[in-house]
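Heads up: the structure comes next, in structure tokens.
The values are calculated or read from the model by the stated rules, or taken from the named source; none is laboratory data. Keep in mind that what you see is a predicted model, and the values were worked out from it rather than measured. With ideal geometry, Cβ positions are generated from the backbone for all residues, glycine too; neighbour counts draw on all protein chains shown.
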Amino acid sequence: MPTEEAELSDGRLRKGMRRRRQLLDATMRVIERDGAGAVSQREVAREAGVPPSAVTYYFPTIDEMLVAALTATNDTYLARLEEFATAARPLELLAEMIAEASDTHRAHTAAEYELFVMAARRPDMREELSRWLDAIDAFLLPIVTDPVRRRGVSAAVDGLFLRTLSVGEGTDPADVLAVLENLTRTP
């Protein structure tokens, strides 16, 4: 049976995790609305409806906040890829995820891309780029065994995300799937 101290500690831990999530969600909303350059501890606090001291407690620097936001975003995508990999039609699920970028999740996807582009210049964020590339490679491995073709398909996945985001209107998942199936078809 858990002790009162363990329950208290666990309760504090859960509360801390909720607060951290709340602040990361607020960070992404600021980026969605105004871009990464607008992220400040004060602006995130205002967006989250908390005092600025709450932000600095969890994220002493803006850099730490941006890295955490990118990591959380990446964690979500990687969990979805892992789930898709065991499905009967993994490419279909990937196509649906890519198509979401142009529709219901457009502003959020733009914010995520802004963080990924920022990561290309920032060593403290670059690990997240590697995590994404490794995950998409692992996802595609059972579908495309040739490593050179797989890198091409991986690059196409990134390009499809960007293209659907740039179009500015809903992208049909069936169109994305047709491209993916064409690219992954054995020559």
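Quick look at the values:
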read-out: Helices (runs of 4 or more DSSP H) within region 72-187 that include 2 or more residues at pLDDT below 90; value: 106-121, 147-167
read-out: Verdict on ALA120 being exposed (fewer than 15 other Cβ atoms within 10 Å of the Cβ), more than 23 Å from ALA36 (Cβ to Cβ) and not assigned by TED's automatic domain parsing to the domain that holds ALA26; value: no
read-out: First in region 139-153 and in the same structural domain as LEU183 (by TED's automatic domain parsing) and closer than 15 Å to LEU81 by Cα, second anywhere and outside any loop (DSSP other than H, G, I, E, B) and of a type in the set (Lys, Arg), Cβ under 6 Å, 6 or more apart; value: LEU140/ARG150
read-out: Any hit, region 166-174, residues being within 15 Å of the chain's Cα centre (by Cα) and outside the structural domain of GLU32 (by TED's automatic domain parsing); value: no
read-out: Matching residues in region 139-157 - criterion: being out of contact with any helix residue (DSSP H, G or I) (no Cβ under 8 Å at 6 or more places or on another chain) and closer than 23 Å to ALA110 by Cα; value: ALA155
read-out: Only one of LEU91, LEU129 that is surrounded by 18 or more Cβ atoms within 10 Å (Cβ to Cβ) and either more than 12 Å from the chain's Cα centre (by Cα) or in contact (Cβ under 8 Å) with a residue 12 or more places away in the chain (or both); value: LEU91
read-out: Any hit, region 169-180, residues being over 30 Å from ALA38 (Cα atoms) and of a type in the set (Gly, Ala, Ser); value: yes
